[in-house]
């Protein structure tokens with residue numbers, strides 16, 4: 001057999017797989033890609049890693065004792081089963097739960113990060129299957145921008161908020177018109193490699209370079225200096241973590257007190273400014289939000305703040321916030337305040353001005369949309385129960401308990417079966433020891449996965465799933481101009497099957513095969529979805545290749561380009577004709593709706609809500625920033641060569657300022673014990689002056705590996721920062737995730753380094 005090449009797509013980029021007689025020979029960059037991502041270096045090594053799941057497995061205790069809450073879940077060995085027996089058992093368990101308790105007892109916990117392909121999208125597959133059975137308890141919002149999804153409809157309306165989160169002002173507009181970019185949280189290049197549906201090209205570095213060469217200036221407000229590319233030569237405001245709102249308020253105070261705010265825009269396009277101004281000027285609380293006030297909070301000189309405000313008023317200014325800022329307690333406030341700040345400048349809707357949310361947070365942000373994609377229909381969910389996505393541990397630990405969310409008082413359902421397909425909650429979630437306890441409460445936990453992740457190790461049924469190179473799919477993203485024929489390049493590992501094949505077999509056993517499959521196999525579905533999409537595009541005047549040609553050639557470029565996007569451009573031009581879907585039809589600087597909820601942790605206008613006690617500051621003197629990793633997507637393929645190459649003594653690297661390290665007798669390459677009020681982990685020390693003093697940075701995604709360490713207790717020996725974070729919502733409004741910041745202490749770890757158990761499969765026993 002001669003060498004063959006296969007185009008392929010992932011969340012972090014397209015590539016070509018080179019396959020020879022002995023299997024995968026290499027991964028090569030996609031030709032049009034301007035900046036191929038380093039994450040490609042994880043693919044080949046992870047495909048045949050020892051942690052691939054080879055065959056169906058069932059936890060021994062579940063086989064012996066049957067379904068039920070079980071503290072042994074996560075610690076018992078697994079029993080390998082043949083496919084028929086595994087599917088028979090799982091089908092019978094699904095029938096028992098649905099017949100005995102209904103769909104309201106099933107949590108469909110998929111998150112959708114298993115494939116960039118449109119058909120084998122894990123969330124779509126799972127939800128379609130469960131909907132055929134009678135529905136499921138769903139999640140609302142996501143771990144990326146959960147607080148933003150709830151806040152923005154109140155502030156900019158039910159349509160415009162989607163533009164903020166999906167379209168926003170495009171990079172080419174910024175490159176041509178922006179004169180000053182003030183980036184709260186930065187625009188980290190590493191995040192721009194990642195797009196939910198796949199990214200074929202990565203042009204953001206080029207656009208930043210063009211902006212800088214044209215004379216655009218950048219100001220970075222972040223405790224981490226390399227949150228903006230070195231090439232843009234940004235002015236660095238190394239503020240204390242979590243104090244962005246205070247800094248923005250002080251900037252607004254200068255605009256107001258020096259008459260630099262746009263009164264006409266505030267009057268014509270905004271609502272509630274007068275009420276916000278009372279907070280800004282300290283009318284009600286006696287504390288003006290001046291630069292001197294902010295200096296004590298942010299540790300940015302008052303003169304620097306005042307100078308920046310004046311520069312912002314004198315130039316075409318783009319106010320940018322990352323998604324990371326809202327992943328913290330009171331995370332609604334910096335986003336809301338950034339919109340108010342942009343409104344006071346009066347540049348919303350102008351080319352290169354206004355505000356943006358997510359530029360540098362994901363690759364699709366800042367690109368015009370190409371329209372709908374060929375996606376698998378999920379059907380209708382007949383269960384009207386949900387939880388905010390980050391409240392999963394609360395739900396499992398306290399069924400029937402009440403909680404507040406977006407003006408409603410809701411109760412947690414009593415979940416008997418958790419079905420997880422795609423994603424890894426032991427990456428996304430906070431306080432993983434608590435999540436472990438929560439996962440022991442359902443009667444049955446089912447996980448589909450390619451590898452033995454922490455979630456798979458804490459399941460009852462573990463179903464081996466084919467990797468993307470081991471199945472056929474269509475790669476497409478609505479912010480990307482390339483469409484990829486993801487042709488199967490390799491045989492599935494061991495006995496692995498696709499999610500669709502597994503659900504089809506279960507559907508046959510449960511009498512819903514016709515509804516689930518509609519009589520189509522994998523290739524028939526790909527052709528069906530593609531042909532329907534092709535017809536829709538043709539109706540809009542866009543011609544794309546027929547399926548057979550597309551499948552043979554491997555990829556094509558969409559033959560049209562959407563026009564550049566300027567966020568809220570139409571609204572600015574005519575606020576009456578293009579009124580926002582808010583109560584006032586305008587930008588809600590103050591929201592009567594939110595004020596009416598009576599939440600002390602999210603008032604009716606942006607406010608400075610100081611940090612809440614996360615343990616004694618003297619005991620936990622450092623602030624840990626748990627940002628997104630550069631070596632992988634979330635926790636995916638952490639066993640891959642590229643991700644492993646970044647480890648320090650096998651542990652996740654943790655950056656520290658040299659002064660903080662010296663005070664603890666730590667040097668480059670040491671292993672440190674990191675402790676918080678919630679838990680502990682080990683991490684490898686990397687010294688860096690890119691962090692302000694008092695801050696350490698430990699990226700998320702190291703596979704969770706808790707072990708008992710003598711003299712300390714339970715420690716994640718691999719370095720997952722969510723062993724340290726507190727499981728609490730952003731506020732009663734959004735209940736969003738808060739894993740970005742936590743207070744810690746760091747000390748040298750001098751004991752023998754524990755062996756990493758996550759690099760090998762869990763124990764198996766005969767059934």
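The values are calculated or read from the model by the stated rules, or taken from the named source; none is laboratory data. These numbers were taken from a predicted model, which means no experiment stands behind them. Cβ placement follows ideal geometry from the backbone for every residue including glycine, while neighbour counts extend to all protein chains displayed.
Would you check which residues across region 125-144 are over 17 Å from residue 404 (Cα atoms) and at pLDDT below 95 and list them? Correct list: 142, 143, 144. Between 441, 487, 509, the distinction of being surrounded by fewer than 24 Cβ atoms within 10 Å (Cβ to Cβ) and touching a strand residue (DSSP E or B) at 6+ places or on another chain (Cβ under 6 Å) belongs to 487 only.
Consider residue 600 carefully, then state whether it is part of a helix (DSSP H, G or I) and without any contact (Cβ under 8 Å) to a residue 40 or more places away in the chain. Reasoning before the result, please.
Numbers: part of a helix (DSSP H, G or I): no; without any contact (Cβ under 8 Å) to a residue 40 or more places away in the chain: yes.
So residue 600 fails the test.
Residues of region 104-119 that are at pLDDT 95 or above, touching a helix residue (DSSP H, G or I) at 6+ places or on another chain (Cβ under 7 Å) and outside any strand (DSSP E or B): 105, 119. Tell me, which residue of region 444-466 that is in a helix (DSSP H, G or I) and in contact with a helix residue (DSSP H, G or I) (Cβ under 7 Å, 6 or more places away or on another chain) is surrounded by the fewest Cβ atoms within 10 Å (Cβ to Cβ)? So the residue we want is 454.
Is it fair to say residue 131 is buried (at least 22 other Cβ atoms within 10 Å of the Cβ), under 22 Å from residue 422 (Cβ atoms) and not assigned by TED's automatic domain parsing to the domain that holds residue 416? No.
Do you know which residues across region 141-167 are under 20 Å from residue 589 (Cβ atoms) and not in a helix (DSSP H, G or I)? Correct list: 156, 157, 158, 159.
Given 23, 13, which one is at positive phi, crowded, with 17+ Cβ neighbours inside 10 Å and in contact (Cβ under 8 Å) with a residue 40 or more places away in the chain?
Working: 23 fails: crowded, with 17+ Cβ neighbours inside 10 Å.
On inspection, the qualifying residue turns out to be 13.
Taken over region 162-176, the criterion of being surrounded by fewer than 22 Cβ atoms within 10 Å (Cβ to Cβ) and in contact with a strand residue (DSSP E or B) (Cβ under 9 Å, 6 or more places away or on another chain) is satisfied by 165 alone. Scanning region 465-499 for residues that are under 18 Å from residue 452 (Cα atoms) and over 25 Å from the mean Cα position of the chain (by Cα) turns up 470, 492, 493, 494, 495, 496, 497. In region 557-585, the residue that is nearest to residue 277 (Cα to Cα) out of those that are at pLDDT 95 or above and within 29 Å of the chain's Cα centre (by Cα) is 582. Sort out which residues of region 73-103 are touching a residue at least 60 places away in the same chain (Cβ under 8 Å) and assigned to a loop (DSSP other than H, G, I, E, B), and write them in order of number. Passing the criteria: 73, 74, 77, 81, 102.
With at pLDDT 95 or above and touching a helix residue (DSSP H, G or I) at 6+ places or on another chain (Cβ under 7 Å) as the only criterion, which of 56, 37 stands out? First the steps, then the outcome.
On the way: 37 fails: at pLDDT 95 or above.
Being at pLDDT 95 or above and touching a helix residue (DSSP H, G or I) at 6+ places or on another chain (Cβ under 7 Å) holds for just one of 56, 37, which is 56.
In the set (1) within 30 Å of residue 370 (Cβ to Cβ); (2) crowded, with 23+ Cβ neighbours inside 10 Å, the condition left unmet by residue 425 is number (1). Residues that are closer than 19 Å to residue 694 by Cβ and in a loop (DSSP other than H, G, I, E, B) within region 629-666 comprise 657, 663, 664, 665, 666, listed in sequence order. Checked against the criterion of being under 30 Å from residue 630 (Cα atoms), assigned to a helix (DSSP H, G or I), in contact with a helix residue (DSSP H, G or I) (Cβ under 9 Å, 6 or more places away or on another chain) and in contact (Cβ under 8 Å) with a residue 60 or more places away in the chain, the candidates 252, 246 yield just one match: 246.
Residues that are closer than 24 Å to residue 469 by Cβ, assigned to a loop (DSSP other than H, G, I, E, B) and free of Cβ contacts under 8 Å to residues at least 24 places away in the same chain within region 494-553 comprise 520, 521, 545, listed in sequence order. Within region 398-428, the residues that satisfy the criterion of being in a loop (DSSP other than H, G, I, E, B) and modelled with pLDDT of 95 or more are 398, 399, 400, 401, 406, 407, 412, 413, 414, 415, 416.
Could you grab me the full set of residues in region 712-728 that are touching a residue at least 60 places away in the same chain (Cβ under 8 Å), touching a strand residue (DSSP E or B) at 6+ places or on another chain (Cβ under 8 Å) and surrounded by fewer than 24 Cβ atoms within 10 Å (Cβ to Cβ)?
714, 726
Picking from residues in region 29-69 that are free of Cβ contacts under 8 Å to residues at least 60 places away in the same chain and in a loop (DSSP other than H, G, I, E, B), the one that is nearest to residue 191 (Cα to Cα) is 31. A single entry from 149, 99, 159 fulfils the requirement of being surrounded by fewer than 18 Cβ atoms within 10 Å (Cβ to Cβ) and under 25 Å from the mean Cα position of the chain (by Cα): 159. Check region 179-186 and report whether any residue there is under 22 Å from residue 407 (Cα atoms) and at pLDDT 95 or above. Checked against the condition, which is being under 22 Å from residue 407 (Cα atoms) and at pLDDT 95 or above, region 179-186 yields no hits at all.
Could you say which residue among 677, 672, 683 is within 25 Å of the chain's Cα centre (by Cα) and either assigned to a strand (DSSP E or B) or buried (at least 24 other Cβ atoms within 10 Å of the Cβ) (or both)?
On the way: 677 fails: either assigned to a strand (DSSP E or B) or buried (at least 24 other Cβ atoms within 10 Å of the Cβ) (or both); 672 fails: within 25 Å of the chain's Cα centre (by Cα).
Just a single option satisfies the conditions, and that option is 683.
Among helices (runs of 4 or more DSSP H) entirely within region 262-371, having at least 2 residues that are touching a helix residue (DSSP H, G or I) at 6+ places or on another chain (Cβ under 8 Å) and surrounded by fewer than 18 Cβ atoms within 10 Å (Cβ to Cβ) singles out 302-314.
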